[in-house]
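Below is one structure, written out as structure tokens, with a few remarks after it.
The values are calculated or read from the model by the stated rules, or taken from the named source; none is laboratory data. Everything numeric in this text was worked out from a predicted model, so none of it was measured. Cβ placement follows ideal geometry from the backbone for every residue including glycine, while neighbour counts extend to all protein chains displayed. What goes into the accessible areas is simple: the full protein's heavy atoms, side chains included, and nothing from ligands, DNA or RNA. Shrake-Rupley method; radii C 1.70, N 1.55, O 1.52, S 1.80 Å.
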Amino acid sequence: MQLKKPFPVILLGTNSNITKLVDLIHSTGREIRGIIDDDYYENPQSQFKDISVLGTEQILRDDPGFYRNHFEFICATNWTPDAHIERNRQKRSRQLALIDELGLNCATIIGNQAVIGSNSRIGAGTVIYDFAVIEPEVTIGEHSIIYDYAIVGHESHIGSNVVLQRKCLVTSLVTVEDDVYMGLHSSITRSNVRIGQGTFLHPGIMILRSTERGETVSLVGRDLRKAYQLPVTE
């Protein structure tokens, strides 16, 4: 029996490093039909980094049934919790709400060289890049992004719309709630802790405790900065 060919993928939103996502999707054998983005559509010939911009979000509202029945979506708007680029976070939140409102189907993209352990469950709209390691019995919610060389230990739970940047580590039996952002090389190295919704771990942070909702963990700026002076030896 011939397997049904998967629907083409439409990217809802875009970002400056869209080529990385496009390369990953193509490597899995999926077709990309184009981008829908209010910011980049000007006319039917619009393009962003050589990818066709099909229209604004209004075309989804005009005929949601057509898009439900013929395409799968990935929200491609990147976000960080940094205040100076808050607009991107708001844009992504709006686009995820639109996906839910219209009942659009979302693709789950997993790199061919990612390692996914047995009995792990990956939510719709989530992207897992090559060389990420998801150990057994992990759950990952919808619309999360797990970048290259990130590791999630066994029986951990990663919520929805979570970002694990490159070389992040989440040890076993950890709960990471929704909307958490882990910066480059950050790590959670104690089991049985809960990382509260909206937590932002700055790059390079190692944490051994639970966090509060919306907490920012940093060694710079207002959060925490300690300088230790070693005793001077004669």
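Using the basic label-point model (7 angstrom from Cα toward the beta carbon), what is the Asp23 to Asp63 distance in nanometres?
Taking the two extended label points, one gets 3.5 nm.
Over the chain, give the accessible area per residue in Å² for a 1.4 Å probe, as an integer. Working shown, then result.
Working: 12500 Å² over 234 residues.
Each residue of the chain exposes 53 Å² on average to a 1.4 Å probe.
Express the relative contact order of segment 1-145 as a whole percentage, based on alpha carbon pairs under 8 Å and six or more residues apart in sequence.
20 percent
Checking the a/c ratio against 1.5 first, then a/b against b/c, what shape does the Cα gyration tensor give for segment 84-218?
oblate
Please report Rg (one decimal) and Dmax (integer) in Å for the Cα set of the chain.
Using the Cα atoms of the chain, the pair Rg, Dmax is 19.4, 81 Å.
At what distance in nm do the modelled label points of Lys4 and His70 sit from each other, each positioned 7 Å from its Cα along Cα→Cβ?
1.7 nm
Which entries in Lys91/Lys167; Lys5/Lys167; Lys20/Lys91 show an alpha-carbon gap greater than 28 Å?
Details: Lys91/Lys167 26 Å; Lys5/Lys167 33 Å; Lys20/Lys91 20 Å.
With Cα atoms farther than 28 Å apart: Lys5/Lys167.
Roughly what angle does helix 86-102 make with the longest principal axis of the chain, taking Cα atoms, 0 to 90 degrees, to the nearest 10?
Once rounded, the angle reads 50 degrees.
Counting only protein heavy atoms, what percent of the accessible surface of segment 39-198 is carbon or sulfur at a 1.4 Å probe?
Values: 3210 of 7260 Å².
The value for segment 39-198 is 44 percent carbon and sulfur by accessible area.
Please state the equivalent ellipsoid semi-axes for segment 28-117: what are the square roots of 5 times the Cα gyration tensor eigenvalues, largest first, in whole Å?
Ellipsoid half-lengths, sorted descending, are 21, 19, 16 Å.
If the viscosity is 1.567 mPa s and the temperature 4 °C, what Stokes-Einstein diffusion coefficient in µm²/s follows for segment 113-173 when Rh is the Kirkwood radius over Cα pairs?
Numbers: Rh = 10.8 Å.
The estimated diffusion coefficient comes to 120 µm²/s.
What's the magnitude of the charge dipole for the chain around its Cα centre, counting Lys and Arg as +1 and Asp and Glu as -1 at the beta-carbon? Answer in Debye, nearest 20.
Its charge dipole is roughly 340 debye.
For Ile116, list long-range residues whose amide hydrogen, built 1.01 Å from N in the peptide plane, is under 5 Å from its own amide hydrogen.
Amide H neighbours of Ile116, under 5 Å, 5+ apart: Ile134.
With the crude spin-label approximation of a point 7 Å out along Cα→Cβ, what separation in nm comes out for Asn43 versus Asp82?
For Asn43 paired with Asp82, the spin-label model returns 3.4 nm.
Compute the helix-to-body angle for 18-27: its Cα long axis versus the longest principal axis of the chain, expressed 0 to 90° and rounded to tens.
Helix 18-27 and the main axis of the chain meet at about 70 degrees.
What FRET efficiency comes out for the pair Asn112/Asp178, r = Cβ-Cβ distance, R0 = 30 Å, nearest 0.05?
Numbers: r = 28 Å, r/R0 = 0.92.
So the FRET efficiency works out to roughly 0.60.
Distance between Cα centroids, segment 176-199 to segment 1-66: provide it in whole Å.
30 Å
Note the full-extension length gain between Arg121 and Ala97 as 0.36 nm times their separation in residues minus their Cα-Cα distance, in nm to one decimal. List each step's numbers first, then the result.
Working: separation 24, 0.36 × 24 = 8.64 nm, distance 2.23 nm.
Length gained, Arg121 through Ala97: 6.4 nm.
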